[in-house]
1. Of all residues in region 215-233, which are without any contact (Cβ under 8 Å) to a residue 60 or more places away in the chain and in a loop (DSSP other than H, G, I, E, B)?
2. Is it fair to say residue 109 is at pLDDT 95 or above and under 30 Å from residue 367 (Cβ atoms)?
3. When the residues of region 39-63 are narrowed to those that are out of contact with any helix residue (DSSP H, G or I) (no Cβ under 6 Å at 6 or more places or on another chain) and part of a loop (DSSP other than H, G, I, E, B), which ends up nearest to residue 371 (Cα to Cα)?
4. Considering only region 193-210, state which residues are touching a residue at least 12 places away in the same chain (Cβ under 8 Å), closer than 16 Å to residue 221 by Cβ and more than 8 Å from the ligand (Cβ to nearest atom).
5. Just checking, does region 452-459 include any residue being more than 16 Å from the ligand (Cβ to nearest atom), surrounded by fewer than 21 Cβ atoms within 10 Å (Cβ to Cβ), at pLDDT 95 or above and not in a loop (DSSP other than H, G, I, E, B)?
6. Taking region 461-492 on its own, how many of its residues are in contact (Cβ under 8 Å) with a residue 24 or more places away in the chain and within 18 Å of residue 89 (Cβ to Cβ)?
7. Of the conditions (1) within 16 Å of the ligand (Cβ to nearest atom); (2) not in a helix (DSSP H, G or I), residue 407 satisfies every one except a single condition; which number is it?
8. Can you tell me which residue among 78, 87 is away from the ligand (no atom under 11 Å from the Cβ), at pLDDT 95 or above, farther than 16 Å from residue 31 by Cα and surrounded by fewer than 22 Cβ atoms within 10 Å (Cβ to Cβ)?
Ligand SMILES: Cc1cc2nc3c(=O)[nH]c(=O)nc-3n(C[C@H](O)[C@H](O)[C@H](O)COP(=O)(O)OP(=O)(O)OC[C@H]3O[C@@H](n4cnc5c(N)ncnc54)[C@H](O)[C@@H]3O)c2cc1C
């Protein structure tokens, strides 16, 4: 497909370095006596906790470069042990990385250089739904739980959190809260922020627990301070989450457009018509082709509605009328009362490709193709300028470096005031030059996004990769506030140094 359809030259596949051949630097920390039974310096644990899932992470891991491995991995079993780990790290001055599922794509888990001896705090043992208040539709859930286990434990209650990021299988509730993750539903409750009624956070200065409330006007919200704090203020141990009855009725339809302009206008109209589709994903023609949804050059809008009660014909009909008014054509929508999607529809093909796609990244690395995604969000009135600037910058950079390049776009979420475009790019690289190419493209994309009024990230978080972009888009005084909060809650500066904000506070 890379050669025949995309015209990209590929290299002979190479194999990943086997685990047994990884040359790991000597661990510089011994498991401390006070964390006996919780901490290990064993090689495989250190290898598994070296990298997240960004392109540079995958490339380095594939090539067996584990120079950035942590010196110790700690596995607390409960909140008291989390507190003990923070006490030890603060006293010993050891940088500590909270670890959920390890799916960070923005350098949230790995320092840029080896730096001082450091430890990783794996929260995987905190994996229970603790309490369900069916009357209020609230569930108290531990932070280390992975997506599938969370849904399995809610299922007997007929409830769901209904938060499905593409990394759902491998990411945790705590990771979602710490990074303000976005699920794959297109409108309304997209970010985990809106599903969070309260949380418990263990900071180096003690526990902070917010009161779960349906709403409150009482000053700045403690939850909003912790949402997106990416482990620099404390370790989230529990969330009280807004759950809902499992949807039974679903309706889906895909609409084809020959012109991208018409497709964008249709989504704009639907997003402002108070219809709130669960899916409103526009794939440009290249994205539709890459995901095997359409091979004839059409742009495809996948529309979906769902709810506990049917029928959903009326909102679907209204959305389709808006799509037709902008040049869209479609078949009859599928309406069904069932859990899984119809296996033959374009929506089902898309869903499968959505969850399968990331597995291809290792294959692409083996073939010498650099592939990555980036995303943003921007008001409708600035979207077209942003899209064309991003296309020019990214295609131009790929072609200047390699003579080739493929860029596709989809809308991952839409709001009444603007879309969240998500871009995928692929370019062939010479072995050993992948990171230089990746850095050049990433930098071109980020500059084009920020110069055209977008955010440095809509849902991939800040980590270290987006830190300077975040710093330039937020008010300078807000940066000073973040540093002050950090100094108050983590005076020894041991939690995730270099993530979200620079390790050193700026001059006042
Ligand atoms: C293939 C793929 C698809 C993805 N799709 C999406 C998507 O659709 N939507 C989306 O939003 N993101 C997506 N991501 C990014 C990533 O999955 C999210 O950022 C996710 O929220 C991270 O969760 P995690 O449990 O893996 O956290 P980790 O990667 O382990 O950690 C992420 C950051 O949060 C900190 N952290 C983790 N747990 C805690 C805690 N309990 N307390 C305090 N800090 C903590 C870590 O130190 C780190 O800085 C995707 C990633 C991949 C690889």
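The values are calculated or read from the model by the stated rules, or taken from the named source; none is laboratory data. Please read all numbers here as calculations on a predicted model, not as lab measurements. Reconstructed Cβ throughout: ideal geometry from the backbone, glycine too, with neighbour counts over all protein chains shown.
1. 215, 216, 217, 218, 219, 220, 221, 227
2. yes
3. By that ranking, first place goes to 54.
4. Those that are touching a residue at least 12 places away in the same chain (Cβ under 8 Å), closer than 16 Å to residue 221 by Cβ and more than 8 Å from the ligand (Cβ to nearest atom): 193, 194, 195, 196, 197, 198, 199, 200, 208, 210.
5. no
6. So the count comes out to 6.
7. Just one mismatch for residue 407, condition (1).
8. Of 78, 87, the one residue that is away from the ligand (no atom under 11 Å from the Cβ), at pLDDT 95 or above, farther than 16 Å from residue 31 by Cα and surrounded by fewer than 22 Cβ atoms within 10 Å (Cβ to Cβ) is 78.
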